[in-house]
């Protein structure tokens, strides 16, 4: 499932979560109270589901995937990603 082992010449889902968490923290500071549009791929979606919705990464990766336009994630004030464990 590539949770911790990277795909060939790419990153693991755990690394994608860490990357998105860092971006999310920076974006929240720069755009506090405003709307941000994210153009994403599957790993970014997985990271947002994990970081914002609190769904375990193993569960997200193991679920059937179907891209749907218009997914919305809301981050509340005081949110902190803290690079959580990929198996919470």
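The values are calculated or read from the model by the stated rules, or taken from the named source; none is laboratory data. Remember, it's a predicted structure, so these values are computed and weren't measured experimentally. So basically every Cβ, Gly included, is an ideal-geometry build from the backbone, and we count neighbours across all protein chains shown.
Can you name the residue in the stretch 50-66 that is in a loop (DSSP other than H, G, I, E, B) and touching a residue at least 24 places away in the same chain (Cβ under 8 Å) and is also surrounded by the most Cβ atoms within 10 Å (Cβ to Cβ) among such residues?
The qualifying residue surrounded by the most Cβ atoms within 10 Å (Cβ to Cβ) is 56.
If you check residue 47 against the conditions, is it farther than 19 Å from residue 14 by Cα, at pLDDT 80 or above and either within 12 Å of the chain's Cα centre (by Cα) or in a loop (DSSP other than H, G, I, E, B) (or both)?
Taking the combined requirement at face value, the residue does not satisfy it.
Name the residue that is surrounded by the most Cβ atoms within 10 Å (Cβ to Cβ), counting only residues in the stretch 17-43 that are part of a helix (DSSP H, G or I) and touching a helix residue (DSSP H, G or I) at 6+ places or on another chain (Cβ under 6 Å).
Restricting to residues being part of a helix (DSSP H, G or I) and touching a helix residue (DSSP H, G or I) at 6+ places or on another chain (Cβ under 6 Å), the top hit is 17.
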